[in-house]
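Down below is the structure, laid out as C-alpha cells.
The values are calculated or read from the model by the stated rules, or taken from the named source; none is laboratory data. Here the structure is a predicted model, which means the values were calculated and not measured. Glycine gets a Cβ as well: all are built from the backbone with ideal geometry, and neighbour counts include every protein chain shown.
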Amino acid sequence: MDSGKRLSRKGGRAGLTKEMLLPLPAEKVRSLSLEHHLALAAIRSGHGDSDQISCLLKAVYLAFFMRDAGVSEAQIAQFRRAEQVLERCIERVERGERWWLLDTERGVLERVLVLHDEQLAAVPTHRYLAAWTQLRRFIVGAMRSPIPRL
C-alpha cells in the first residue's frame, strides 16, 4: 500500500505503521527540547519576545494533550499554572514591561518542560502527531484554553 499504512484486521481500517508505534527519533527529541529550553532561557533573561512565548505555550499545550489518561487534578493544575504564568508574562508586556518571569514562575515552567521532555522521549510518534492535531484544532477554534479549569 502506497500510504505506508497497513490494513488492520478490524473493519479494513488503516493500522499504525512501525514508525508510528516507535518513539520519536532521539535527534528530534533533542531538537525540540533545546528549542523549548532556549525559549525559556531567553524569557528568563529578559531578552525574549512573542516567538519564545509562542514556543512555550506550544510546549505546555502539547504536554497537556500528550498526558496520560486519568491524570490527577493536581497534574492538570500544573498545566493550568504554566499557562497562567505565560499569560501574566504577556500581560506585563502589554503594560509596557519587558518579557520576563518571576522566580516562582520560572519553576512552574521548568517543571512542565521537564515533563514534556520525558513525554517526547517516551511516547509513540502517533501520540505526538495526535497531540499536534489537537493543538491545531485548538488554535483555529474559539476556546480560550484547552486546559480545564478545576
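Residue check: Ile90 meets all listed conditions (1) aliphatic (A, V, I, L, M); (2) exposed (fewer than 15 other Cβ atoms within 10 Å of the Cβ); (3) without any contact (Cβ under 8 Å) to a residue 60 or more places away in the chain; (4) closer than 25 Å to Lys28 by Cα but one, namely (4).
Scanning the range 46-63 for residues that are loosely packed, with under 13 Cβ neighbours inside 10 Å and in contact (Cβ under 8 Å) with a residue 60 or more places away in the chain gives no hits. Residues that are in contact with a Leu (Cβ under 9 Å, 6 or more places away or on another chain) and over 16 Å from Ser50 (Cβ atoms) within the range 84-107 comprise Glu105, Arg106, listed in sequence order.
Taking the range 1-116 as the region of interest, the helices (runs of 4 or more DSSP H) fully inside it that hold 2 or more residues being more than 22 Å from Tyr128 (Cα to Cα) and at pLDDT 90 or above are 26-44, 73-94. When Ile43 is tested against (1) farther than 22 Å from Ile139 by Cα; (2) of a type outside the set (Ser, Thr, Tyr); (3) surrounded by fewer than 19 Cβ atoms within 10 Å (Cβ to Cβ), exactly one condition is not met: (3). Within the range 37-64, the only residue that satisfies the criterion of being closer than 16 Å to Glu118 by Cα and among the β-branched types (Val, Ile, Thr) is Val60. Within the range 120-132, residues that are of a type in the set (D, E, K, R) have Cβ atoms under 7 Å from residues that are not in a helix (DSSP H, G or I) in no pair, counting only partners at least 6 apart in sequence or on another chain.
Say whether the condition of being outside any loop (DSSP other than H, G, I, E, B), over 16 Å from the mean Cα position of the chain (by Cα) and not acidic (Asp, Glu) is met by at least one residue in the range 125-138. Steps first, answer last, please.
Let us first name the residues in the range 125-138 that are outside any loop (DSSP other than H, G, I, E, B), namely 125-138.
Within this subset, residues satisfying the condition of being over 16 Å from the mean Cα position of the chain (by Cα) are none.
Scanning the range 125-138, I find no residue that is outside any loop (DSSP other than H, G, I, E, B), over 16 Å from the mean Cα position of the chain (by Cα) and not acidic (Asp, Glu), so the answer is no.
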